[in-house]
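The structure appears right after this line, and notes come after that.
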Amino acid sequence: MSLVAEAFVTQLAAAEPWPENAALYQQLKDEQILLSDNASSLAVQAFLQMCNLPIRVVCRANAEYMSPSGKVPFIHVGNQVVSELGPIVQFVKAKGHSLSDGLDEVQKAEMKAYMELVNNMLLTAELYLQWCDDVTVEEITHPRYGSPYPWPLNRILSYQKQWEVKRKMKAIGWAGKTLEQVLEDVDQCCQALSQRLGTQPYFFNKQPTELDALVFGHLFTILTTQLITDELSEKVKNYSNLTAFCRRIEQQYFEGHDKDSSAIAARSAKRSLLR
């Protein structure tokens, strides 16, 4: 199909109403999915909840390989498959749903800058911890990532993914960092987010945007995921307005909904934000 024809089909699909059977795909919730993918999936779930669009979470061992970009989550809406938060935001906007239309151009530029900060710092730190910290790799990452597959495929896929992430870390200058330096980067990112949020309920005052969904996805997952140590979550807990922000979104957009279809359910019994 030509690019023009593909764009036309996409435009037609975007004009269709949001279906009740829309699905979000991610890895197996209890035994496979890792911190970074869980955070990304929760960010998309939060965004769609904020847009009041129904979504059913489907867990598949091969979700990463089903995705058109090789990354999770991805959504299946009608005949369209769209992966990752940015493209999903644009797809949803084409259907007439936007959280940031009320922002002026300066605010939109600021929102995008903070989203880049989260992706460049928090997401990268999560990937570093998962694949570059030796203890975490051996005790958590390799066992979980390869869990659906028999030996030796489980080890082959895990080492292949680790090599891919380490290559990325080298390309962006993170390969030589120590864990302490990575945690300091996380702290600086949280400090910037905390200062921007201030005493507001959301980053741009009274209404959430895709930035709020992205920040919630990462911070809530960091706060509620059991790792080797609590060093990462403690960085977030140092900022009370950020933990209150996470609790606010959890209460408003997830509590009382179908918890079996949400990433919130997997962690609600593990750790409370109120501790």
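Only residues that are open to solvent by less than 20 Å² (accessible area, probe 1.4 Å) and touching a residue at least 40 places away in the same chain (Cβ under 8 Å) were counted across the stretch 130-144, and they come to 3. Annotation: of all residues in the stretch 26-53 being in a helix (DSSP H, G or I) and among the aliphatic types (A, V, I, L, M), the one that is nearest to Pro87 (Cα to Cα) is Val44. Only one entry of Asn154, Asn205 meets the criterion of being modelled with pLDDT of 95 or more and either surrounded by fewer than 15 Cβ atoms within 10 Å (Cβ to Cβ) or not β-branched (Val, Ile, Thr) (or both), and that entry is Asn154. Out of the stretch 144-156, which residues are within 22 Å of the chain's Cα centre (by Cα) and in a helix (DSSP H, G or I)? Residues satisfying the conditions are Arg144, Tyr145.
Evaluating Val92 against the criteria (1) outside the structural domain of Asn52 (by the TED database); (2) buried (at least 18 other Cβ atoms within 10 Å of the Cβ); (3) not polar (S, T, N, Q) leaves one unmet condition, (1). Residues that are without any contact (Cβ under 8 Å) to a residue 24 or more places away in the chain and open to solvent by 50 Å² or more (accessible area, probe 1.4 Å) within the stretch 157-172 comprise Tyr159, Gln160, Trp163, Glu164, Arg167, Lys170, Ala171, listed in sequence order. Could you tell me whether Leu211 is under 19 Å from Ile222 (Cα atoms) and surrounded by 13 or more Cβ atoms within 10 Å (Cβ to Cβ)? Judged against the criteria, Leu211 is a match.
Considering each residue of the stretch 111-130 in turn, at least one proves to be at pLDDT 95 or above and over 30 Å from Phe204 (Cβ atoms). Assess whether Gly176 counts as being part of a helix (DSSP H, G or I) and either in contact with a Phe, Trp or Tyr (Cβ under 9 Å, 6 or more places away or on another chain) or open to solvent by 20 Å² or more (accessible area, probe 1.4 Å) (or both). No.
Suppose we filter Leu117, Leu103, Leu85 for residues that are within 17 Å of Arg196 (Cβ to Cβ), in contact with a helix residue (DSSP H, G or I) (Cβ under 8 Å, 6 or more places away or on another chain) and either in the same structural domain as Ile33 (by the TED database) or open to solvent by less than 30 Å² (accessible area, probe 1.4 Å) (or both); which single one remains? Of Leu117, Leu103, Leu85, the one residue that is within 17 Å of Arg196 (Cβ to Cβ), in contact with a helix residue (DSSP H, G or I) (Cβ under 8 Å, 6 or more places away or on another chain) and either in the same structural domain as Ile33 (by the TED database) or open to solvent by less than 30 Å² (accessible area, probe 1.4 Å) (or both) is Leu103.
The values are calculated or read from the model by the stated rules, or taken from the named source; none is laboratory data. Bear in mind the structure is a predicted one, so any value in this text is a computation, not a measurement. Counting neighbours? That spans all protein chains shown, and the Cβs are built from the backbone with ideal geometry, glycine included. Quick note on the areas: whole protein, heavy atoms, side chains included, nothing else; ligands and nucleic acids left out. Shrake-Rupley method; radii C 1.70, N 1.55, O 1.52, S 1.80 Å.
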